[in-house]
1. Would you be so kind as to identify which of Ser53, Val225, Gly163 lies farthest towards the positive end of the dipole of the chain, taking Lys and Arg as +1 and Asp and Glu as -1 on Cβ and the Cα centre as origin?
2. Rounded, prolate or oblate: which fits region 67-311, taking a ≥ b ≥ c as square roots of the Cα gyration tensor eigenvalues, rounded meaning a/c under 1.5, else prolate when a/b beats b/c?
3. In region 93-127, whose amide N lies under 20 Å from the spot 7 Å out along Cα-to-Cβ of Gln169? List them in ranges.
4. Let me have the 222 nm mean residue ellipticity of the chain computed from DSSP H runs of 4+ only, each contributing -39500 (n - 2.57), with the sum over all residues rounded to the nearest 500.
5. Treating only the Cβ atoms of Lys and Arg (+1) and Asp and Glu (-1) as charged, compute the dipole magnitude of the chain about its Cα centre; round to the nearest 20 debye.
6. Check Arg288: other-chain or 5+ apart residues with amide H under 5 Å from its amide H, H built from backbone geometry?
7. Can you count the Lys pairs in region 67-311 with C-alpha separation below 19 Å, eight or more apart or on different chains?
8. Skipping prolines and chain starts, which residues have an amide H placed within reach, meaning under 5 Å, of the one on Thr122, given they are 5 or more residues away or on another chain?
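Derivation of every value follows stated rules applied to the coordinates shown; laboratory data play no part. Everything quoted here is computed from the prediction, not taken from an experiment. Neighbour counts run over all protein chains shown; Cβ positions are idealised from the backbone, glycine included.
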Amino acid sequence: MFRIGEFPFLVKARHRFKGNGSRSACYTVNYFMMESSSRRKFLAAPLLGFTTSAYARYVEPTWIERTDRECVLSNLTRPVALVHLSDFHASEVVPMSHIERAIDMAIDASPDLICMTGDFITHRSGFDPAWYTKTLSRLARKAPTFAVLGNHDGGSWAGKGGGHQTTTQVRRMLENSGAQVLINRTAKLTCNGATLQMVGVGDLWAGEIEPAQAFEHADPALPTVLLSHNPDSKALLGDYAWDLMLCGHTHGGQVVVPVVGLNPAPVRDREYIAGLKPWNGRRIHISRGIGSIRGIRFNCRPEVTKLHLLPKV
Ligand SMILES: [Fe+2]
C-alpha cells in the first residue's frame with residue numbers, strides 16, 4: 001500500500017507546489033501520491049475511451065451481421081426469400097469495398113427477391129457512379145431487384161444541404177444496374193411460384209410521397225410489400241392495403257447506449273427504429289442499414305436481412 005508519509009519528498013513537494021499555486025505541478029505530484037488502485041482507475045478511463053472510440057470507428061461499422069426473420073403474409077401461396085438492404089451511404093467514410101461485402105452477403109443468402117430502401121449515397125462525392133452501378137448490377141442478375149430512394153439521394157431535402165437537387169443521378173445509377181425504381185408506383189411479379197406486388201413511394205422528408213398515385217394500380221387481393229425509406233411515413237400510408245412495409249433511414253440509431261438512453265435515430269415514432277414490428281395488423285421491417293453517417297457505429301451493427309416470407313397456414 002502506498003503511503004505518502006513514507007515518502008517525505010512528496011509531502012514537501014506537495015506543500016511547495018500548493019504554496020506556489022501551480023495547478024499542473026500539484027496535479028503531477030498528486031498523481032504520484034494516489035493509492036495504486038486509484039491510479040489504475042485513473043489510467044483505465046482514458047484507455048477505455050480510446051478502445052471504445054477505435055472500436056466504434058474501425059471495427060463495428062465494417063462488421064456486417066446477417067439477420068434472418070420470418071414474416072407470414074396473408075394470400076401468399078408459396079414461401080419467398082426476400083433480402084432487404086438499406087442505407088448504403090457510399091461516401092468518403094463508407095468505401096465501395098464495404099458495400100461490395102454487403103452485396104456478397106445478399107447474394108450468398110440465395111434471395112428470390114431483393115429490396116433496397118434508399119440512401120444509396122450521403123453527399124454528391126465519395127463514390128464512382130460507374131463502379132457503383134456495376135456493383136449494384138450483381139444484385140439484379142441474382143434476383144428481381146426493387147428500390148426506393150431516401151432523403152440523401154436527391155430532391156428538396158438533399159438540395160438544401162448541398163446534395164443533389166433532383167434524384168436523377170441516383171435513379172439513373174439504379175436503373176442502369178437493372179433494379180426497378182418504384183417512386184409512387186406498383187409492380188407485380190411472380191416469384192418462386194408466388195404472385196405478389198411491390199409498391200414504392202417517394203421520400204417523406206423530400207415531401208414526395210403520393211399514396212393515391214402509388215396504389216392506383218395495386219390489387220388489394222394480392223400480398224403486398226410496400227417500400228418506403230422512412231418508417232414515420234406509415235401514418236400517411238395506413239389507409240391503403242399492404243401487408244409488410246420495408247424501411248431504413250434510422251440506421252438502428254447508429255450509436256446506441258441503452259444505459260444512458262442514447263439512440264439518436266431521426267424519427268418521431270421511437271417504437272420503430274429497428275427490427276420487425278407489428279403495426280395495425282401488419283408488419284414493418286426497419287433495417288439498421290449497411291453504411292453510416294460519419295463512419296461510426298456502436299452497439300448497432302450494419303445488417304443484411306433475409307426475410308423469410310411465409311404463406312398463412
Ligand atoms: Fe440513411
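1. Ser53
2. Values: a/c = 1.31, a/b = 1.22, b/c = 1.08.
Rounded, since a/c falls under 1.5.
3. Residues 93-100, 117-127 qualify, since their backbone N sits under 20 Å from the label point.
4. On the way: 9 runs with 93 residues, N = 313.
For the chain, the value works out to -9000 deg cm²/dmol.
5. Values: 36 positive and 27 negative charges, 339 e Å.
With Lys and Arg at +1 and Asp and Glu at -1, about 1620 debye.
6. Gly275, Glu303
7. Working: Lys134/Lys142; Lys142/Lys188; Lys142/Lys306; Lys234/Lys277; Lys277/Lys306.
Eligible lysine pairs with Cα atoms under 19 Å apart amount to 5.
8. Those qualifying (amide H under 5 Å, at least 5 residues apart or on another chain) are Ala90.
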